[in-house]
């Protein structure tokens, strides 16, 4: 916070594997966050389109901090794996600890350094239809037909890794992501909308994903999508449980452990510190 003007707020631009974020540390300077503020910040931060806005707050349980997520359209989100890794760097540097715990709304996420990268344990995936959640009961969530649909699509898999994901694997050319992503995100089958992965298997240890994020649209990477796709691919015997996931923005290494927890490891980058006057917001 600027000592002379309480309406000047500090922000930090970071990215995780190309997934872009704007962070504010609300522990020091509380910020009233709403849809209108998110839209105005998108305009105020020139030449920078952030995929999500992240507020770092005081821990409410036994963690080192708590974070809250907002999508680019101003809606709240329950999870973002790449944002967790970025915050992990901030809190690890701040506390000088080897491991830190970052609280989300309903999870305590462990973060640590792996050489020059940050690793996070995002917990266990859930395939039950009510946990995804889907609008209606479906017994086999690893092979679902999207109905009704005017598009020809392969069956998809649905899983929750802190937020809902629909995973489509394509052997041939993928569809137009912008049109198809929006259609699937808002399909009546998904009770809380959905993130969409358009996946292509490179080999048994490598997948490439184009991703459409709920409330944001096309992004260059998505950590939770990488985790969700790995869990689905391993369950379908497409890949192993240790998989490299590539996006347009970079690579993530995902390991689905024997205890059912998924660990994500990847790069992060601090781009710029900003001071923005919110007097007119």
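The values are calculated or read from the model by the stated rules, or taken from the named source; none is laboratory data. Treat the numbers as computed from the prediction; the structure is a model and nothing was measured. Positions of Cβ are backbone-derived with ideal geometry, glycine not excepted, and every protein chain shown enters the neighbour counts.
With respect to the numbered conditions (1) assigned by TED's automatic domain parsing to the domain that holds residue 105; (2) assigned to a loop (DSSP other than H, G, I, E, B), which one is the sole condition not fulfilled by residue 136?
(1)
Suppose we filter 115, 147 for residues that are assigned by TED's automatic domain parsing to the domain that holds residue 14 and without any contact (Cβ under 8 Å) to a residue 60 or more places away in the chain; which single one remains?
Exactly one residue qualifies, and that residue is 115.
Restricting to segment 100-117, what's the tally of residues that are modelled with pLDDT of 95 or more and either under 23 Å from residue 131 (Cβ atoms) or in contact with a strand residue (DSSP E or B) (Cβ under 6 Å, 6 or more places away or on another chain) (or both)?
12
Here's the yes/no breakdown for (1) part of a helix (DSSP H, G or I); (2) under 19 Å from the mean Cα position of the chain (by Cα); (3) at pLDDT 90 or above:
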{"position": "15", "(1), (2), (3)": "no, yes, yes"}
{"position": "36", "(1), (2), (3)": "yes, no, yes"}
{"position": "42", "(1), (2), (3)": "yes, yes, no"}
{"position": "47", "(1), (2), (3)": "no, no, no"}
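Just for segment 190-215: of the residues that are in a loop (DSSP other than H, G, I, E, B) and surrounded by 22 or more Cβ atoms within 10 Å (Cβ to Cβ), which one is farthest from the chain's Cα centre (by Cα)?
194
If you go through segment 171-189 one residue at a time, how many are assigned to a loop (DSSP other than H, G, I, E, B) and at pLDDT below 95?
6
Only one of 142, 153 is in contact with a strand residue (DSSP E or B) (Cβ under 7 Å, 6 or more places away or on another chain), more than 25 Å from residue 264 (Cβ to Cβ) and part of a loop (DSSP other than H, G, I, E, B); which?
Testing whether each residue is in contact with a strand residue (DSSP E or B) (Cβ under 7 Å, 6 or more places away or on another chain), more than 25 Å from residue 264 (Cβ to Cβ) and part of a loop (DSSP other than H, G, I, E, B) leaves just 153.
For residues that are over 24 Å from residue 277 (Cβ atoms) and under 12 Å from the mean Cα position of the chain (by Cα), scanning just segment 52-72, find the one that is modelled with the lowest pLDDT.
71
For segment 20-48, give me the residue count where each residue is touching a residue at least 12 places away in the same chain (Cβ under 8 Å) and more than 18 Å from residue 268 (Cβ to Cβ).
The total comes to 17.
Among the residues of segment 90-99, are any crowded, with 18+ Cβ neighbours inside 10 Å, closer than 24 Å to residue 28 by Cβ, in contact with a strand residue (DSSP E or B) (Cβ under 8 Å, 6 or more places away or on another chain) and without any contact (Cβ under 8 Å) to a residue 40 or more places away in the chain?
For segment 90-99, residues crowded, with 18+ Cβ neighbours inside 10 Å, closer than 24 Å to residue 28 by Cβ, in contact with a strand residue (DSSP E or B) (Cβ under 8 Å, 6 or more places away or on another chain) and without any contact (Cβ under 8 Å) to a residue 40 or more places away in the chain: present.
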